[in-house]
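The values are calculated or read from the model by the stated rules, or taken from the named source; none is laboratory data. As the structure is a prediction and not an experimental result, all values here were calculated from the model. Reconstructed Cβ throughout: ideal geometry from the backbone, glycine too, with neighbour counts over all protein chains shown.
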Amino acid sequence: MSATADRWRTALAATAAAVALCAASVLTAAPVAAAGRVTIDSDLGGAQVSLTEPTTISVNGSGFQSIQNGFGGVYVLFGWVTDPGGGSWRPSEGGHTGDTYLYVPDTEALDNAGYQRFVSFPGSSTAAAANGGLLAADGTFSLSMIIPGPTFTAQDRDGNAASVDCREVSCGIITVGAHGVVNANNESFTPVTFIDTSGSAGSSGSSGTDAGAEPAATGAEATDAETPAGGAEEASVTTGPATIGVDQTAVVQGRVVGFTGQGFTPGEQVLVTLAGGLAAAGPYTAGQFGEVAGTLALPTDIRLGTHVLRMSGAGSGQAPEITLTVMPDPDAAPPLTQEQPGLSWAFLVAVIVGAVLLALILSSLIAALVRRRRRKRIAAETTTAASAAGQVDDTVVLPPVRRTTRREVGV
């Protein structure tokens with residue numbers, strides 16, 4: 001009996017160990033991470049784009065992480081990154097738009113200028129705005145977009161204009177998680193090469209010699225270099241209708257938009273308003289040539305979409321206006337971490353509970369078998385003892401024989 005019980009105990013321990021090992025492997029198994037890759041093709045051949053005119057390119061992605069019913073998707077952008085050969089520019093590594101990467105601004109409308117594309121997760125609540133289509137379940141997408149040329153103006157972290165010259169720095173297609181959702185598996189940078197298609201000599205045809213160089217300086221430095229000394233007084237006053245211009249028509253909540261105006265009456269007061277008074281700047285005094293320039297801070301809670309920016313001349317009555325498209329600030333709140341697909345917690349809990357129940361069932365079966373064998377042994381011993389007692393009871397004990405004497409029989 002002792003050897004049999006030991007064998008059952010050993011079997012039970014081995015079963016419990018196997019169940020625990022299975023549960024541990026389920027808990028520690030991590031889903032295979034996707035590795036997004038992009039290929040570019042244009043009529044100029046491969047990833048080559050024009051130095052002198054916009055170029056339409058085809059962008060094909062593979063290996064991206066597609067999440068059914070997930071929020072957001074992937075932004076496909078054209079721009080510059082600080083570390084094209086590494087990954088320090090990535091949002092998952094602490095990078096930020098306007099700091100470690102810049103891109104050509106555009107709206108998120110379906111019919112935007114083609115400089116940006118949004119590829120949505122299948123079943124996402126934002127799929128209706130996907131101007132780049134859906135990210136297939138196998139992690140692939142295909143779309144077309146436009147490279148405007150080798151130079152563009154973006155916004156830095158402080159909302160100031162930042163010029164990028166792709167003849168001096170490395171530019172290319174950037175993919176990041178959309179709508180502020182950080183997803184390291186969907187971050188990539190694929191460089192393009194600019195070539196001279198005008199037929200003139202002297203162009204290197206490359207996308208820059210200093211991949212890590214900072215974008216070109218803007219603002220006062222460039223203005224001072226371009227302003228001729230002593231020539232301002234000889235210019236004539238601008239005539240005709242007043243006009244308004246902005247550094248970019250796609251702006252971000254809480255950031256600053258720069259504006260300029262021309263054609264106002266010299267010396268008149270000019271007021272700048274957004275959305276009929278939601279935000280305002282000024283009044284500014286028009287210069288001797290009717291010019292006005294300044295910046296306007298956008299409210300952090302301004303409604304997304306289109307708004308009208310207007311400049312109103314107090315003396316001339318002129319009121320030129322322009323439409324701005326307000327986009328959300330991707331850095332306004334801590335980025336969400338994209339939930340990785342794979343085993344859910346509910347499934348893991350179910351596996352653990354199932355393993356525990358299996359161990360209990362096995363231990364109960366083993367205990368029942370042990371009790372059954374014990375009962376059989378006891379019953380067998382009882383039967384043997386009873387049989388031995390019965391043999392003793394069946395033995396007849398005869399009284400001793402008494403010898404009779406002659407006297408007793410009367411002889």
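Structure notes:
- Search result, residues across segment 182-209 that are modelled with pLDDT under 85 and in contact with a Ser or Thr (Cβ under 8 Å, 6 or more places away or on another chain): S198, G205, S206, S207, G208
- Selection of segment 312-368 for residues being at pLDDT below 75 and of a type in the set (S, T, N, Q) yields T337, Q338, Q340, S344.
- Pick from segment 311-326, criterion surrounded by fewer than 18 Cβ atoms within 10 Å (Cβ to Cβ) and either of a type outside the set (V, I, T) or closer than 20 Å to T97 by Cα (or both), ranking: nearest to the chain's Cα centre (by Cα): E321
- Some residue of segment 22-30 being among the hydrophobic types (A, V, I, L, M, F, W, C), in a loop (DSSP other than H, G, I, E, B) and modelled with pLDDT of 95 or more: no
- Qualifying residue in segment 144-165 (condition: of a type in the set (S, T, N, Q) and more than 28 Å from G46 (Cβ to Cβ)): yes
- Any pair with Cβ under 8 angstrom, 6 or more apart, that starts in segment 69-89 at a residue that is more than 16 Å from A154 (Cβ to Cβ) and outside the structural domain of T153 (by TED's automatic domain parsing) and ends at one that is of a type in the set (G, A, S) and in a strand (DSSP E or B): none
- Just one of the numbered conditions (1) part of a loop (DSSP other than H, G, I, E, B); (2) modelled with pLDDT of 70 or more is not true of T382: (1).
- Residues in segment 147-169 that are within 14 Å of D106 (Cα to Cα) and among the small types (G, A, S): A154 alone.
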